[in-house]
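K.L.:
Please find one structure pasted underneath; my questions will follow.
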Number of protein chains: 2
Amino acid sequence: MVSSLRLPALTSLISPSFTRRSTVSLRRRLHLRPPLAAGFSAQSAASSPTETEDRVDSKKSGRVQDRGSTDRVITPRSQDFNAWYLDVIANAELADYGPVRGTMVIRPYGYAMWEAIQDYLNVKFKETGHSNMYFPQFIPYSFIEKEASHVEGFSPELALVTIGGGKELEEKLVVRPTSETIVNHMFTQWIHSYRDLPLMINQWANVTRWEMRTKPFVRTLEFLWQEGHTAHATLEEAEKEALQMIDVYTKFAYEQAAIPVIAGRKSKVETFAGADKTYTIEAMMGDRKALQAGTSHNLGQNFSRAFGTQFTDENGLRQHVWQTSWAISTRFVGGIIMTHGDDAGLMLPPRIAPIQVVIVPIWKKVDEKTGVLDAASSVAETLKNAGLKVKLDDTDQRTPGWKFNFWEMKGVPLRIEIGPRDVSSGSVVISRRDIPGKQGKVFGISMEPSILEAYVKDRLDEIQSSLLQRAISFRDSNIVDVSSYEELKEAISLGKWARGPWSASDADELRIKEETGATIRCFPFEQPQGTKACLMTGKPADEVAIFAKSY
Amino acid sequence: MVSSLRLPALTSLISPSFTRRSTVSLRRRLHLRPPLAAGFSAQSAASSPTETEDRVDSKKSGRVQDRGSTDRVITPRSQDFNAWYLDVIANAELADYGPVRGTMVIRPYGYAMWEAIQDYLNVKFKETGHSNMYFPQFIPYSFIEKEASHVEGFSPELALVTIGGGKELEEKLVVRPTSETIVNHMFTQWIHSYRDLPLMINQWANVTRWEMRTKPFVRTLEFLWQEGHTAHATLEEAEKEALQMIDVYTKFAYEQAAIPVIAGRKSKVETFAGADKTYTIEAMMGDRKALQAGTSHNLGQNFSRAFGTQFTDENGLRQHVWQTSWAISTRFVGGIIMTHGDDAGLMLPPRIAPIQVVIVPIWKKVDEKTGVLDAASSVAETLKNAGLKVKLDDTDQRTPGWKFNFWEMKGVPLRIEIGPRDVSSGSVVISRRDIPGKQGKVFGISMEPSILEAYVKDRLDEIQSSLLQRAISFRDSNIVDVSSYEELKEAISLGKWARGPWSASDADELRIKEETGATIRCFPFEQPQGTKACLMTGKPADEVAIFAKSY
């Protein structure tokens, strides 16, 4: 059975200034629990020590893991997934609520995950021929109204600027929820002949959607994303581009984030407001709900007709361009948390982790300290020079046990421990975050730079693929092939995903949503051979669809 | 005398799809000139060829520079600096106006300059101990009102969201003009004891200020920037940080942008709304107006007192934190354009240039083409592998002469020409953007990779320092030391900067602004020795100030 992870008690700590107040803040806003005891700061101040070396005493040292003695708790994942998620975000200092309802402050550790996502995708976008640029975020309200299904989809969610420079504006301005409209307005000025095509751009930006039910990273009033926008001379090219970009996202999810998404096409009901086709990557979270983790739209000529985005083709005829748009957002950070995390907190794939290796020096006696710290610094230097993201946690303020827990909770893939005996033997102890306890711990790894570097890199690679394999197993053991509505309902009621042949109507799809809470997440690109009978109507169905409850 | 740069005539071009319409667009909005003839696209379509190799004829080839035959013009810089600036931005495709007055679309080539700025500064910020994060852009209106001078400074410029999700909001939301208020709101939740300090963060974000008079890059309703925010336990630390960051900016300006800014302290009148001290870097543009290119503020305890941002010090006493904030924005791109550009267009410092080397292959006969293109590709590959930003312009659609002009106008530091004779001799011709005509052109540089790479890198370094030296000479020859108000007025009326001893009142400073249009740009850090007589009052003055008209 899963038991609570408890962090060390206040009284065992010298500096209690880590993350607790963020928890308070998150909880307060959610009214989940009463706020923790007040007067915390004053308490901490009262016990404030000066930071001298001789304050390090043996009680705070050694490889003892001093768990189980505190009031600071991460709710077990199995007990309450949502509470666990919020606890992890607060304790790992990933994000905090902003002062305006539904807004989020992304803290450095969470932002560093987003930076890892950006660094990878930004290169891929450029490799596939896209240039970055920037469009203004204020869009005249009239633009939004031009594309019929777009306005229907977005108008309930808009934030509107009505006052600027102290004056009521003549036309209300929309704070962009997405940029197709303003992009088309500009494209009409840049696109004239077929030689101007394809036009392929991307922007990294903030967007605003006035969501009623928000959740950190997953759904916030303002979020960060990239939005790609392209214009092409033919439908075929646009289709190829839309598929290429969902493929970039899929590779990113598998190879970097270790999330085995299922890529496919959205049903008509679930297609983006203004698109002909929406491709999606769907990820299974730890609670088996689906997360739409990235989308790529074939917009057809919907926006180009609404905005008159035309080009002169090779025969001198005026044609509307064919367009795509595609996006991944800070929601993906939520996906990483909910895919890999466990009761101890975050568990980060090495390629996303802001810190890949944490080094914890351990000493009992003052005369051991210098040797241990020197060795730890030297190991840190070796690994940094090898291009790894390394944190040396050499503070006097915490016990090694506290540090072990803390960095486990922060999801750091590898921990290196160095004590006096290790210094003598020229070796270190290495623990894997993904394998708890003794099984994940190896003693006597040589400190010799080339050996250590190779060992650490191999382990990080192993962890990366191990996280992916584990997520694949979890995913596959939670998808049920169904051939009737009854079977679908049973699968969904068990919290699983249902996969079955589908050729029924939009109305049938909506009925399933109403009756089970599940929606078609996608028609996966990977399809079984042959025609089957629709699970709902029994009529021939060319494709299977995946149904699931989702975020 | 300076004559107009003319780009090739429409009729000499096959594809006329470059930049002309942006010019139209910019001009239209400014009502500077009537828009160019309509029907442009149809015209281009009528002449549209198929893109086959045999269409390349001798008229389009050779090293002939086919200038002087067109209707597309960049206004000479000396004739009308502002028109020149807008022409360069349009023709070099740096930016375009957005649909909302005062907003700007940053196009890929302009955005790539901003990315070069980001790439450098982002590393420096991290090296100096700052972490990136992200704050929401919507700030409750009440926050802005908390710091008295802050609200006074910013309230006339605010954009306000009053409607969200279809409903009138209870409290208006400010679209951030800067983030000190929301940062302090969050800092109160994260800072408790002296051990939480210093807290040093940065965000890359968009900000909105409802400016009445806008100008691309220099002053736009929405712009991109980074804003650093730090909190410290002591005034001394905050002061040190504010100075450190203005120093980071100064080094960036000199070493990357080749802009010899003058760093110093703002006068009280010019200090940021909410700061105790503002440090600035002031750059002299080609028209000798000053551009405030970056600022760093010592905020004292102004915001911490307004927001109650306190910590418990080592003696257990509650203290308000001492803060700084500092920013550089997309305005800096405008500074680069206006510092280095000339009549031919942009001139970019190699360390900022999106393209450092353009390669133009030249052939007359079809049977020469393959050899020339192969050599050009191989040279491009060599230089790319050496880490340089290279563009191979191998299109059939333009003459070499057109390409020379175009890439000069885009400010590319080095051009490599490769013709059939060069292929035979295994050498290339290299032209420098900063030295016009034959003087900047060197023949017979070996294609041998190691020789070519070294040669190109050396030339880029030379150009980088040559641009800086040129800008230093220009700056120094346009600063006049003055010892009386009369001398100051004369210097300003000649369009120069005036430097003189100053210890007079704020009222005197405002009078100078009214009477001459000049303001105190800064009290430079580099000061002459000894006490002098104030240019206005004759009383003792410890410092000289620099006065100039500014953007």
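The values are calculated or read from the model by the stated rules, or taken from the named source; none is laboratory data. Given the structure is predicted, the values throughout are model-derived calculations rather than measurements. We place every Cβ from the backbone using ideal geometry, glycine too, and count neighbours over all the protein chains shown. Heavy atoms of the whole protein, side chains included, go into the accessibility calculation; ligands, DNA and RNA do not. Shrake-Rupley method; radii C 1.70, N 1.55, O 1.52, S 1.80 Å.
K.L.:
Looking only at residues in the range B:495-551 that are among the hydroxyl-bearing types (Ser, Thr, Tyr) and within 21 Å of B:LEU291 (Cβ to Cβ), which one is nearest to the chain's Cα centre (by Cα)?
P.N.:
B:TYR551
K.L.:
Are any of the residues in the range B:72-93 facing another protein chain (nearest Cβ under 10 Å) and open to solvent by less than 10 Å² (accessible area, probe 1.4 Å)?
P.N.:
Step one: of the range B:72-93, the residues facing another protein chain (nearest Cβ under 10 Å) are B:93.
Right, trim to open to solvent by less than 10 Å² (accessible area, probe 1.4 Å) and you get none.
No, the range B:72-93 has no match at all.
K.L.:
A:LEU460 - would you say it is open to solvent by less than 40 Å² (accessible area, probe 1.4 Å) and closer than 23 Å to A:TYR254 by Cα?
P.N.:
yes
K.L.:
Still on this model: Filter the range B:466-514 down to residues that are in contact with a helix residue (DSSP H, G or I) (Cβ under 8 Å, 6 or more places away or on another chain) and in a strand (DSSP E or B) and give me whichever is farthest from B:GLY335 (Cα to Cα).
P.N.:
B:GLY500
K.L.:
Something else about it: Of (1) closer than 28 Å to B:THR330 by Cα; (2) facing chain A (nearest Cβ under 7 Å); (3) open to solvent by 30 Å² or more (accessible area, probe 1.4 Å), B:ALA159 satisfies all except one. Which?
P.N.:
Result: B:ALA159 fails condition (3) only.
K.L.:
Oh, and also: Taking the range B:321-339 only, how many residues are open to solvent by less than 10 Å² (accessible area, probe 1.4 Å) and closer than 28 Å to B:LYS215 by Cα?
P.N.:
So the count comes out to 11.
K.L.:
Identify all residues within the range A:162-185 that are surrounded by fewer than 23 Cβ atoms within 10 Å (Cβ to Cβ), at the interface with chain B (Cβ under 10 Å from one of its Cβ atoms) and not in a strand (DSSP E or B); write none if there are none.
P.N.:
Scanning the range A:162-185 gives A:GLY165, A:GLY166, A:HIS185.
K.L.:
Can you tell me which residues in the range B:186-208 are part of a strand (DSSP E or B), within 20 Å of B:LYS126 (Cα to Cα) and more than 8 Å from chain A (Cβ to nearest Cβ)?
P.N.:
Answer for the range B:186-208, where residues must be part of a strand (DSSP E or B), within 20 Å of B:LYS126 (Cα to Cα) and more than 8 Å from chain A (Cβ to nearest Cβ): B:LEU199, B:MET200, B:ASN202, B:GLN203, B:TRP204.
K.L.:
Those residues that are farther than 21 Å from B:LYS496 by Cα and either modelled with pLDDT of 95 or more or in contact with a strand residue (DSSP E or B) (Cβ under 9 Å, 6 or more places away or on another chain) (or both), I need them from the range B:261-276; list them, please.
P.N.:
The answer is B:LYS268, B:VAL269, B:THR271, B:PHE272, B:GLY274, B:ALA275, B:ASP276.
K.L.:
Taking the range B:209-235 as the search range and keeping residues that are at the interface with another protein chain (Cβ under 10 Å from one of its Cβ atoms) and of a type in the set (Asp, Glu), which one is farthest from B:GLY110 (Cα to Cα)?
P.N.:
As a first pass, look at the range B:209-235 and keep what is at the interface with another protein chain (Cβ under 10 Å from one of its Cβ atoms): B:209-212, B:220-224.
Cutting the leftovers down to of a type in the set (Asp, Glu) gives us B:211, B:222.
Working: B:GLU211: 21, B:GLU222: 16 Å.
By that ranking, first place goes to B:GLU211.
K.L.:
Turning to a different aspect of this structure: Counting just the residues of the range B:413-431 that are open to solvent by less than 10 Å² (accessible area, probe 1.4 Å) and hydrophobic (A, V, I, L, M, F, W, C), which one comes out nearest to B:PRO350 (Cα to Cα)?
P.N.:
B:LEU414
K.L.:
Could you count how many residues in the range B:111-135 are more than 7 Å from chain A (Cβ to nearest Cβ), hydroxyl-bearing (Ser, Thr, Tyr) and within 14 Å of the chain's Cα centre (by Cα)?
P.N.:
The total comes to 1.
K.L.:
Further question on the same structure: Given the criterion charged (D, E, K, R), more than 14 Å from B:SER267 (Cα to Cα) and at pLDDT 95 or above, identify the matching residue among B:GLU509, B:GLU462.
P.N.:
Values: B:GLU509 fails: more than 14 Å from B:SER267 (Cα to Cα).
Testing whether each residue is charged (D, E, K, R), more than 14 Å from B:SER267 (Cα to Cα) and at pLDDT 95 or above leaves just B:GLU462.
K.L.:
Continuing with the same structure: So, B:PRO400, is that one modelled with pLDDT of 95 or more and more than 26 Å from the chain's Cα centre (by Cα) or not?
P.N.:
The answer is yes for B:PRO400.
K.L.:
Kindly evaluate B:PHE138 against the criterion of being at the interface with chain A (Cβ under 7 Å from one of its Cβ atoms), on the phi < 0 side of the Ramachandran plot and aromatic (Phe, Trp, Tyr).
P.N.:
Here the answer is yes, as B:PHE138 does meet what is asked.
K.L.:
Is there any pair with a first residue in the range A:212-228 that is in a loop (DSSP other than H, G, I, E, B) and a second that is among the charged types (D, E, K, R) whose Cβ atoms are under 8 Å apart and which are 6 or more apart or on different chains, and what are they?
P.N.:
A:ARG213/A:ARG219; A:THR214/A:ARG101; A:PHE217/A:ARG331; A:VAL218/A:ARG331; A:THR220/A:GLU211; A:LEU221/A:ARG101; A:LEU221/A:ARG209; A:LEU221/A:GLU211
K.L.:
Also, I was wondering about something else. Inspect all residues belonging to the range B:299-309 and state whether any of them is open to solvent by less than 10 Å² (accessible area, probe 1.4 Å), modelled with pLDDT of 95 or more and part of a strand (DSSP E or B). Before you say what the answer is, go through the steps one by one.
P.N.:
Narrowing the range B:299-309 to residues open to solvent by less than 10 Å² (accessible area, probe 1.4 Å): B:299-300, B:303-304, B:309.
Okay, now just the ones that are also modelled with pLDDT of 95 or more, so B:299-300, B:303-304, B:309.
When the remaining residues are screened for being part of a strand (DSSP E or B), the result is B:299-300.
Yes: one or more hits.
K.L.:
Within the set of pairs 6 or more residues apart or between chains, which connect a residue that is assigned to a helix (DSSP H, G or I) inside the range B:230-249 to a residue that is open to solvent by 10 Å² or more (accessible area, probe 1.4 Å) and not hydroxyl-bearing (Ser, Thr, Tyr) with Cβ atoms less than 6 Å apart?
P.N.:
B:LEU235/B:TRP322; B:ALA238/B:TRP322; B:ILE246/B:ALA263; B:VAL248/B:LYS124
K.L.:
What single numbered condition from (1) modelled with pLDDT of 95 or more; (2) open to solvent by 30 Å² or more (accessible area, probe 1.4 Å); (3) farther than 30 Å from B:GLN189 by Cα fails to hold for B:ARG318?
P.N.:
Of the numbered conditions (1) modelled with pLDDT of 95 or more; (2) open to solvent by 30 Å² or more (accessible area, probe 1.4 Å); (3) farther than 30 Å from B:GLN189 by Cα, the odd one out for B:ARG318 is (3).
K.L.:
Does the range B:97-110 contain at least one residue that is closer than 21 Å to A:VAL100 by Cα, facing another protein chain (nearest Cβ under 8 Å) and over 17 Å from the mean Cα position of the chain (by Cα)?
P.N.:
No, because not a single residue in the range B:97-110 is closer than 21 Å to A:VAL100 by Cα, facing another protein chain (nearest Cβ under 8 Å) and over 17 Å from the mean Cα position of the chain (by Cα).
K.L.:
Given (1) assigned to a helix (DSSP H, G or I); (2) among the hydroxyl-bearing types (Ser, Thr, Tyr); (3) crowded, with 24+ Cβ neighbours inside 10 Å, where does B:SER378 come up short, assuming only one miss?
P.N.:
(3)
K.L.:
Given A:PHE135, A:PHE143, which one is farther than 26 Å from A:GLY335 by Cα and open to solvent by 10 Å² or more (accessible area, probe 1.4 Å)?
P.N.:
Numbers: A:PHE135 fails: open to solvent by 10 Å² or more (accessible area, probe 1.4 Å).
None of the others qualify; the one that does is A:PHE143.
K.L.:
Return the only residue of B:ARG213, B:ARG195 being surrounded by 19 or more Cβ atoms within 10 Å (Cβ to Cβ), in the same structural domain as B:ARG331 (by the TED database) and among the charged types (D, E, K, R).
P.N.:
Among B:ARG213, B:ARG195, only B:ARG195 is surrounded by 19 or more Cβ atoms within 10 Å (Cβ to Cβ), in the same structural domain as B:ARG331 (by the TED database) and among the charged types (D, E, K, R).
K.L.:
Would you confirm whether any residue within the range B:277-295 is assigned to a loop (DSSP other than H, G, I, E, B), touching a strand residue (DSSP E or B) at 6+ places or on another chain (Cβ under 6 Å) and open to solvent by less than 10 Å² (accessible area, probe 1.4 Å)?
P.N.:
For the range B:277-295, residues assigned to a loop (DSSP other than H, G, I, E, B), touching a strand residue (DSSP E or B) at 6+ places or on another chain (Cβ under 6 Å) and open to solvent by less than 10 Å² (accessible area, probe 1.4 Å): present.
K.L.:
While we're here: Taking the stated definitions as given, is A:ARG351 at pLDDT 95 or above, assigned by the TED database to the domain that holds A:ILE117 and open to solvent by 10 Å² or more (accessible area, probe 1.4 Å)?
P.N.:
On the way: at pLDDT 95 or above: yes; assigned by the TED database to the domain that holds A:ILE117: no; open to solvent by 10 Å² or more (accessible area, probe 1.4 Å): yes.
Judged against the criteria, A:ARG351 is not a match.
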